[in-house]
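What follows is a short report on a single structure.
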Amino acid sequence: MLKQILSKLPRKSSKSTANRDHSGNHAANSNVSSGSRSSDGKSANSSISSIAVNSSVPDVAVHHGVNSKLNGTLGFSQYEGLPGFKDVPNSEKQNLFIKKLNMCCVIFDFTDPTKNLKEKETKRQTLLELVDYVTSMSGKFSEIAMQEVMKLVSANLFRTFTPQPRENKVIDGVDLEEDEPSMDSAWPHLQIVYELFLRFVSSTETDAKLAKRYIDQPFILKLMDLFDSEDPREREYLKTILHRIYGKFMVHRPFIRKAINNIFYQFIFETEKYNGIAELLEILGSIINGFALPLKEEHKMFLVRAMIPLHKPRCLAMYHQQLSYCITQFVEKDCKLADTVIQGMLKYWPVTNSSKEVMFLNELEEVLEATQPSEFQRCIVPLFQQLARCLNSSHFQVAERALFLWNNDPIENLIIQNCKVILPIIFPALEKNARNHWNQAVRSLTLNVRKIFEDLDHELFNECLLKFEEDEKKEVEIKGKK
């Protein structure tokens, strides 16, 4: 009788039961697939895009889409590691490899360092196991294995970068934020995924003919988008991986060069903001070094349309060393390009940016060292008109750096061979420096250069001096009339 009465009373649902029911319904209705991403590259779930759970069979990882938050805490099923490779027979290792790859398609939220600590560590250890397995792989990777590796790489790496809430301040070509790069909080996982992918691409067990079905042009474009990462550690991995892809997949080489070209165009003529220019130029330095001779017209156009205009942006200091190396490689490959390069540099020569001007002079010296006399003669007049302006610069480092060109033997030989053309152009600048420049070091260097010309052709030197004095008198007379 008592039992009958109690059974008719309404039961109060526990909070935990209600929450579990809510979580189960939400997960069941979720359309998020394992490791899926939205079409714009963002994670389909801001916290965990997919989750692996243990099924009734202990060594099987099953993925279910999860997108639920319970009282601000993520709700998901248990995430546990699979057996180690050494704990299963050889016949089962391939299947276990696939399962572990699937398990690591789970994306955790690293914005809160206190969340899912156990699960994050489980994934990290599993990724390390996968790196070891790929490294010690004996026998070609199957197509299924390749597909799953690329799925893991895409799920973990391809994401949209959130702009940092800070202004990029560039003064005199120097990025003030350069010493404080933004580090990705998810790097503990990202680093191992990059290492896994690098070893996969580099492995002799990866058949390029088969792998190119998955490392295709859309994948390469997404990979190259990651070069805009603010984390220099990520860009370093990307540089190495893209270079390995370029070397291994010959069919993709023209496409990669074109993609780099397009990034440069957008950077130069639209945004002037891109974090990975230096790394892309490092890759190009190696690529240019391998160009066959004679150079293709396509490569020369790349120099003219993309490489030389890279001198234009104010943030040149961030990548100038790599750019200078690439430019010099072109001139060393084909000496006839020296005039094209020098004329291009003169076109973008800075007017008010002294530190950038010093960079131009450093690069100019390297280019002139590789320049043949015939090419040098073609650009003498505009080149030394610009150098004369540098000699008279009130910024002592600019004037000093220009005068140091005479300390370079190959360049001095070119100047000596063309003394009759060069001296009349730069003599007024030398004379003004010797008389009036405020910096003692600049005056001293100027007198040394002046002496070189005087000893070289005394008669020409006196003619230039006479003309300079006459021009000075005329200038004084004109000022007096005013």
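The values are calculated or read from the model by the stated rules, or taken from the named source; none is laboratory data. Nothing here was measured: the structure is a model prediction, and the numbers come from that model. All Cβ positions, even for glycine, are placed from backbone atoms using ideal geometry, and neighbour counts span all protein chains on display. Quick note on the areas: whole protein, heavy atoms, side chains included, nothing else; ligands and nucleic acids left out. Shrake-Rupley method; radii C 1.70, N 1.55, O 1.52, S 1.80 Å.
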For region 367-407, which residues satisfy the criterion of being of a type in the set (Val, Ile, Thr) and over 17 Å from Thr352 (Cβ atoms)?
Val367, Thr371, Ile380, Val381
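Determine, yes or no, whether Lys99 is within 16 Å of Leu196 (Cα to Cα) and open to solvent by 60 Å² or more (accessible area, probe 1.4 Å). Please lay out each step first, then the result.
Values: within 16 Å of Leu196 (Cα to Cα): yes; open to solvent by 60 Å² or more (accessible area, probe 1.4 Å): no.
Judged against the criteria, Lys99 is not a match.
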Give me the pairs: first residue in region 464-482 and closer than 14 Å to Leu430 by Cα and in contact (Cβ under 8 Å) with a residue 60 or more places away in the chain, second residue among the aromatic types (Phe, Trp, Tyr) and surrounded by 10 or more Cβ atoms within 10 Å (Cβ to Cβ), beta-carbon distance under 6 Å, and six or more apart or on different chains, which are they?
none
Residue list for region 423-482, filter: open to solvent by 70 Å² or more (accessible area, probe 1.4 Å) and either in contact with a Cys (Cβ under 9 Å, 6 or more places away or on another chain) or on the phi > 0 side of the Ramachandran plot (or both)
Leu456
Determine if region 270-283 includes at least one residue that is under 20 Å from the mean Cα position of the chain (by Cα), among the hydroxyl-bearing types (Ser, Thr, Tyr) and either farther than 25 Å from Glu143 by Cβ or open to solvent by less than 70 Å² (accessible area, probe 1.4 Å) (or both).
yes
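For region 383-451, please list each of the helices (runs of 4 or more DSSP H) lying entirely inside it that holds at least 1 residues being of a type in the set (Gly, Ala, Ser) and farther than 23 Å from Glu366 by Cβ.
419-436
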Yes/no for Glu375 being in contact with a Lys or Arg (Cβ under 8 Å, 6 or more places away or on another chain), of a type in the set (D, E, K, R) and assigned to a helix (DSSP H, G or I):
yes
Could you list, in sequence order, the residues of region 381-422 that are open to solvent by 50 Å² or more (accessible area, probe 1.4 Å) and polar (S, T, N, Q)?
Gln385, Asn392, Ser394, Gln397, Asn407, Asn413, Gln417
Residues of region 213-252 being within 21 Å of Tyr319 (Cβ to Cβ) and among the β-branched types (Val, Ile, Thr), in sequence order, are Thr240, Ile241
Residue check: is Ile256 outside any loop (DSSP other than H, G, I, E, B) and in contact with a Phe, Trp or Tyr (Cβ under 6 Å, 6 or more places away or on another chain)?
yes
Exactly one condition in (1) in contact with a Leu (Cβ under 6 Å, 6 or more places away or on another chain); (2) over 29 Å from Ala278 (Cα atoms) is not met by Asp334; state its number.
(2)
Enumeration of residues in region 311-349 that are among the aromatic types (Phe, Trp, Tyr) and open to solvent by less than 30 Å² (accessible area, probe 1.4 Å)
Tyr319, Phe330, Trp349
Can you find a residue in region 243-252 that is of a type in the set (D, E, K, R), outside any helix (DSSP H, G or I) and open to solvent by 80 Å² or more (accessible area, probe 1.4 Å)?
no
Do you know which of the residues in region 206-235 that are assigned to a loop (DSSP other than H, G, I, E, B) and open to solvent by less than 40 Å² (accessible area, probe 1.4 Å) is nearest to Pro181 (Cα to Cα)?
Asp231
